[in-house]
Structure formats: structure tokens, C-alpha cells
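What follows is a short report on a single structure.
The values are calculated or read from the model by the stated rules, or taken from the named source; none is laboratory data. Remember, it's a predicted structure, so these values are computed and weren't measured experimentally. Heads up, the Cβs are rebuilt from the backbone with ideal geometry, glycines too, and the neighbour counts pull from every protein chain shown.
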Amino acid sequence: MLDFAIYCLTIIAVWSVLGLSLNIQFGLTGLVNFGQVLPFGLGAYAAALAAQAGLPWPAGAALGLVVAVAVSLMVLLPARRLSQDYWALITLGAGELFRLTALNAPSLGGADGLTVPRFADPHLALGAALALMAAAWLVSHRISHSPFGRLLKVLREDEVLAATLGRNPVSYQRTVSIIAWAMAAAGGVLYAHIVGYVSPSSFTVTETFIVWTALILGGPGNNLGVVVGAAAVQLLSVSSRFVASWIDLPADVLANGRLALFGLVLVLMFLFRPQGLVPEKKEVRDAQRR
Amino acid sequence: MLQVLFNSLVYASMIAVIAVGVALCYSILRFANFAHIQFAVVGGYLTYSFAAIPGLPLPAAVALSAVATGLIAILVDILVFSRLRDITPEGKMIVSWGVALFIRSVVAIIYGGGGRAFDISSEAVIVGDAVFTTLDALVVAVAAVLMLLLHLFLNRTRIGSGLRALASNADLAVTRGIPGERLIRLMWFLSGALAAIGGTLLAFETRLQPNMDLIILLPVFAAVTIGGLSNVFGAVLGALILSFAQNLLIYVDFGALFGGDSWQIPTQFRDYVAVLALVVVLLLRPRLSPLAGR
């Protein structure tokens, strides 16, 4: 039971990192990334490839971060200066292309995927996951409370206003993407070492929307909200296994029922509580009073 | 080469019938509706169910499925999108994914994970060195008739011009007495019904499976983007261009072209063309910037 609790916490921490990464992009800056699973998958596959080549894990981690940053710049190239509809389409397409490549390239293991050496000690895995989550939290906290972060919020609320302030929205969006994608890639590296294998079926559009559900449920723009959302979604995910053993549901019905619930949660949050469970505190400053 | 043309036409027909609904929705409600893909999946499965009713001919099953899916689309609007008319386009886009995830999972629960195929007899027709089936011809004909009807409806009827007025300036249209909300419902019905027929055609040509949404997701949205998102017949043109590019790329023997052994691009990589086309279009159309206004 304790082992199971440790596993749950580890998984929640990893998904929180993904959620925090998406929060910097969407919650702070307003970038709609429908391919959040791409940097995550890149990190995981980099870890797997490095392990296959007999390299130690830091090599895989470094490879993952470098590739994720490089790909984020590539994805930004066509998406720059476009409205968020197109941004969403480009990131969605890039994510799907990665999955198709992993599925069809024999050197990436195809549908069977690749094995990765696991953490020998689950406590160590939990420690690493919590450390990464703390680091991601710290980075997001620093960003959102810096002048840079305040400008990101201006960018989110009104891109034209940001431009009239003499700021170049594109360069801000680029910086945000690099940081957020590196963060998600680090989460991917860790995920690969925790789960012990990577396969294309772990990096589908559905995974992206599980992160979105966590973000919208918790509250976009608020770090605590993101972690609460990720914890709620992942706990729901694992606890549904127990429900299944009680009422004897087939595994595929259960998996789909869970996804239906996530979809429902996403829609209901938008309808009834768009600010999320833990809303962002909007800063109101009175310029006259200073 | 004739074969490429045939294959492209068949594929483009199926994609176009689905894609016009996305463009219709975008032109009036200004958001990319990702749940639209699920209407196609639902339509395919509903046709399968209706076709199982003894004594019901297949065309009637398709028509029933189109009406039912159209009503489902209206229901989705009443329950979800009509309550969110005033939120940002990004928000609507994210909500549409929630709806998509929900519909997709419910379909998978009801029909299970296995594939299902329609039992349709079809004969091969040989033209020169190219082959197509009578089913292929039927698919292209149905799509062509539907697109013609849609064109006539939008451009030759009062209701159609009401829809176009709503698309070009919703506030002005409503001020001038056009019943906006009722026409929006009609738009949902039309796109749902068209998606259902498109999904059914796709199921005729391939087979029904829960993850057919992932198979058509990129081609449909690439086609709509090539056509300019809010242009209904641009989406048809986009589907044709995309389909032709995909089939040509798979057909060309690149090995022989560069003087080596025969080597062709594996068919699994056709989706790369979809994303590549998307990227090229976006690079070439800098006017789509949010700063340039809509």
C-alpha cells in the first residue's frame, strides 16, 4: 500500500511538471499548445535512446533538453505572428508527427517502443520527481513574479497593447516556449526512467488533453491550481482501477469511461467555473497612487 | 499518373465533405471546432447501426444517420457552445477538445475497440492502366452532389444568404433582422449531417474503428487551413490540393528519380504532407497575424 502511495505521488509530481509547463505557456502567456505531449515525448525518447546506446542518464537528459528546445524553435518558426487558432493547429500537427515517426521508424522501436533502465529504488524516483516539481514550481514562480512575467500577462490579455509598449511579442513567446518545453522534456526524461519503457501509445493527443484537463480544473495562471488539478486528475485515474474491481468493469470500458469523465470535467469547468478550483489572483495596481 | 488522379479524387471527396463543416463553423462562430471530427465518427457508427435494421436500405440508413448526427450537433450547441458564445476563441477551441474527448470515449464504450467493416459489393473498373471501383465512383459522385447542393443553398436561397451575412458581419446581420441563433442551429445541423455522410463514406472505403478520428484529424484541418479556415469552398479546394500532393508523393519513385534503386515513401508518411502543407500555407500567408486584425 505504501509502495502504491509512493508511485501515485511520483506520477502526480511528473504530471504537475507537465502542467506547470503548460501553465507558463497558456496560463501566463496565452499560448494554446495542443502538442504539449511533444516535448514530453522528446525527453522520454531521448532518455531511451541514450540508454540504448549505453550512455549514462545525464547524457539522455541533456539530449532531451537540447532536442526539445531545438524543436520548439522549429515549431515557432511557422507559428510566429499567427493567431492562436493556427498556433494550436501547428503544435497539434507537430505532436502527431512525432507520434507517427516513433510508430514508423524502426530505430525508435516502432509500436513496441524502447525499454529504459528504471530507478532501482522507488523512493529515489519519488525524490527525483518531487525535486523536479519543486524546480519547475520555482521557475514558474520566479517568472510570474518578475517584470518579464508581468509583461507576459499583458501579452496574454492584449497582444496589441504589449506591442504598443515597444515589446516584441514574438521574442517573449519564444523565450516562454524554450523554458516551458525544456521543463516538459525534463519531465519526459524522468517519466521514461520511472515507467521503464517508452512507446508511441503513451504520447497521443489524449495525453495532451489530460494535461489540459488538469490545468483547466486547477486554474490557469496559478501554480498551486495546476498541482491541485494534476493531483485530482491522476488520483481519479488510479482510483478508477479500484472502482473497476468492485463493480467488475472490462478494462477498455473503464479506460474510455475515465477519458469521457475528463472531457466532461473540461467542459463543465468552462461552463460553471472558468477560473478553476484555485483561481489566479489578478493584480490590480493603481498607477496614480504611487 | 491517372491512378494518382483517381486516388486523389476519392480521398479528397471524403475529406472535403467533412472539412466544409469545420469551415462553416469557423466562418460563423470564429473558432476551430475539434469536436467536428467526432461527428464524422459518430455518423459512421450510426450508419452502421441503422444499416443493421432489417429491411432498411443502406441509403436510408445514411440519411437517418445524417439527420441524427445533425441533431446531436445541435444538442452539443445547446448544451455547451451556446452558453459560451462570449468567451475567447482559444477557450472555445479548448472546450471543443473536451467535447471531442467525451464523444470519442462514449463511442468507444458503446461500440468497443474492434474494427467493423461495411459489406458493400463493388466492381473494379479499368481505365487505361488505372483502376477504380464502382464504390469509388459513388463516393466521388455523392461528394460532388453534396458540394453542389451546399453551394446552391448558400448562394441561391434566402436562408443561405442569411448564413453568409451572419458569417461576414454577425452584429449587422442580427440588427437587420436575421434570426442569428436559429441560423446558428441550422449551421450546426448542416455541419453535423455533412460530417456524418463524410464519415460514412470513409467507413465504406476503409472500415470503422474508434481511432479513425486520429486518422482524419490532420488531413481535415490541413484542408481547411489551406482554404483559409473560414472559406467553405476553400476547404474543398484545400482537400483536393492536399490529397493530390499526398498521393503524388507516395506514387513517385524517388529511388529511380535519383538514379538509384526503386524507393517510394511509405504510405504511413502521408500525414507528413498534411502538416507540411499546413506549415507552408502558414509561412506564405503572413496576413493571418492577429495584429493585422481579422
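Quick notes on this one:
- Being at the interface with chain A (Cβ under 7 Å from one of its Cβ atoms) and at pLDDT 70 or above is a description that does not apply to B:D253.
- Residue within the range B:95-106 that is surrounded by fewer than 22 Cβ atoms within 10 Å (Cβ to Cβ), assigned to a helix (DSSP H, G or I) and within 14 Å of chain A (Cβ to nearest Cβ) present: yes
- Single unsatisfied condition, A:W212 versus (1) crowded, with 20+ Cβ neighbours inside 10 Å; (2) under 25 Å from A:D3 (Cβ atoms): (2)
- Residues in the range A:158-174 that are under 19 Å from the mean Cα position of the chain (by Cα) and without any contact (Cβ under 8 Å) to a residue 24 or more places away in the chain: 0 in all.
- Of all the listed residues (B:L183, B:L149), the sole one being aliphatic (A, V, I, L, M) and without any contact (Cβ under 8 Å) to a residue 12 or more places away in the chain is B:L149.
- Listed by position, the helices (runs of 4 or more DSSP H) contained in the range B:153-241 that have at least 3 residues being crowded, with 18+ Cβ neighbours inside 10 Å and at pLDDT 90 or above are B:158-168, B:180-205, B:212-226.
- Within the range A:85-110, considering residues that are away from chain B (no Cβ under 11 Å) and hydrophobic (A, V, I, L, M, F, W, C), the one surrounded by the fewest Cβ atoms within 10 Å (Cβ to Cβ): A:L108
This table checks each residue for (1) modelled with pLDDT under 95; (2) assigned to a helix (DSSP H, G or I); (3) surrounded by 16 or more Cβ atoms within 10 Å (Cβ to Cβ).
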position: A:L161; (1), (2), (3): yes, yes, no
position: A:V170; (1), (2), (3): yes, yes, no
position: A:Q173; (1), (2), (3): yes, yes, yes
position: A:A185; (1), (2), (3): no, yes, yes
position: A:Q234; (1), (2), (3): yes, yes, yes
position: A:S237; (1), (2), (3): yes, yes, yes
position: A:A244; (1), (2), (3): yes, yes, yes
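- Boolean, A:G229 is touching a residue at least 12 places away in the same chain (Cβ under 8 Å), surrounded by 15 or more Cβ atoms within 10 Å (Cβ to Cβ) and over 20 Å from B:F102 (Cβ atoms): no
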